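Everything on this sheet refers to the single structure shown next.
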Amino acid sequence: MNQDISIFTGNANKEFAEKICEHLNLPMGQSEVFEFSNENVFVRLLDNIRERDVFIVQPIVSPVNTRLMELMLMIDAAKRASAGRITAVIPYYAYGRSDKKDQPRVPISARLIANFLEVAGANRVLTMDLHAGQIQGFFNIPLDELTAYPLIADYFLSMKLKSPVIVATDAGGAKSAAKMANALKCGLAIIDKRRTDNSESPTASTIIGDVSGKDCIIIDDEILTGGTVKLAVELINAQNPNSIRVACVHPMFNDKGFELIDNLDIDELIVTDTVPINRAHLSNITPTIISTTDLFGEAISRIHTGDSVGALFRR
Ligand code: R5P
């Protein structure tokens, strides 16, 4: 690997960034990133990065606003240290659910974060499974969006389930779920989920599609409170499935989410490592964690050498 890459990370998920460095056989860039007692974040990059190809790895995970600020300040520090190019590597892009003005007088937060990143000095973004693909268009700089769906599909293919069916938790997730169903050469069911307010408590009463006697794979891009998945599991269970597995890319579980997920009547929980999860919060379920770090490492290598990132997903 070309040595003029520098990789740094904030405090969001050091292990994730270290695994990327291992994949690339590169040392982690040295930095100081901490919060003063007045909650102001301090950042200092300790390596010379003049003209280097700098990648700052930071998922925007809990505490979201602090990790976001660390990322912004690290980009600013890299810019002022004369980095040749700065790529923000954001395995989980928070605020993605605020991607449109769907109520009067609300912001489009996902767009504002994109503006922040550009103003801070990011030249490119590398991310994974945005909540909505159109968020790509909020950026005026190149953005590569990786997807964990093929990795998750490969996992299920290797299980050789007898009668799989993919279940999308709502109409919004149906397109990605359909791709997964294509990969598994199986059927698709969709939950008719609705949100009527901001209470994080969706409702659902119908499944469109056949799940009875099937090996159901509920797939979602992210889980927060677990409310969506709980509804899906209850609806499916009422139709005598053969098995139920829940898979998501970004396990952003909050306290309620950990509790709900831990008490779900399911056969398996499958997540990726874009968001670190504290397994101590799960006593009944041991999640299967699919690593995405090699994929990120490979994408970083290709961005650096100018090779195709899209080719990673062509089958
Ligand atoms: C919604 O559009 C998303 O795809 C997820 O279904 C949602 O983010 C899950 O949130 P929760 O776990 O709080 O129901």
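Here are some notes:
- Net length gained if the chain between ILE208 and GLU35 were fully extended (0.36 nm per residue, minus Cα distance): 57.4 nm
- Cα-based helix-to-principal-axis angle, 149-159 vs the chain, degrees rounded to 10: 50 degrees
- Backbone N under 15 Å from the ASP294 label point (7 Å along Cα→Cβ), restricted to region 157-185: 158
- Relative contact order computed over region 12-55 (Cα-Cα under 8 Å; 6+ residues apart), in percent: 26 percent
- By the Kirkwood approach, averaging reciprocal distances over each pair of separate Cα atoms, the chain gets a hydrodynamic radius of 20.4 Å.
- Relative contact order computed over the chain (Cα-Cα under 8 Å; 6+ residues apart), in percent: 13 percent
- Viscosity 1.002 mPa s, 20 °C: Kirkwood-radius Stokes-Einstein D of region 134-278 over Cα pairs, µm²/s: 137 µm²/s
- Probe 1.4 Å, accessible area per residue of the chain, Å²: 47 Å²
- Förster radius 22 Å - calculated FRET efficiency between LYS256 and VAL106 (Cβ-Cβ, nearest 0.05): 0.40
- Scattering profile of region 217-308 at q = 0.19 Å⁻¹ [log10 I(q)/I(0), Debye over alpha-carbon scatterers]: -0.83
- Helix-derived mean residue ellipticity, 222 nm - over the chain, DSSP H n ≥ 4, -39500 (n - 2.57), to 500: -9000 deg cm²/dmol
- Seen from all directions on average, region 57-182 presents a Cα convex hull projection of 9.6 nm².
- Note on region 49-78 and region 203-217: Cα centroid distance 41 Å, given to the nearest whole angstrom.
- Cα centroid separation, region 243-290 to region 11-26 (Å): 23 Å
- Working ranking of peptides 87-97, 114-124, 167-177 by packing, defined as the average number of other Cβ atoms within 10 Å per residue, highest first, is 87-97, 167-177, 114-124.
- Partner lysines for LYS101 [C-alpha distance under 29 Å; skip if fewer than 8 residues away on the same chain]: LYS175, LYS179, LYS193, LYS230, LYS256
- Pairwise Cα inverse-distance average, inverted: Kirkwood Rh of region 123-175 (Å): 13.4 Å
The values are calculated or read from the model by the stated rules, or taken from the named source; none is laboratory data. Because the structure is predicted, anything quoted here is derived from the model rather than measured. Heads up, the Cβs are rebuilt from the backbone with ideal geometry, glycines too, and the neighbour counts pull from every protein chain shown. Accessible surface areas use protein heavy atoms only, side chains included; no ligands, DNA or RNA. Shrake-Rupley method; radii C 1.70, N 1.55, O 1.52, S 1.80 Å.
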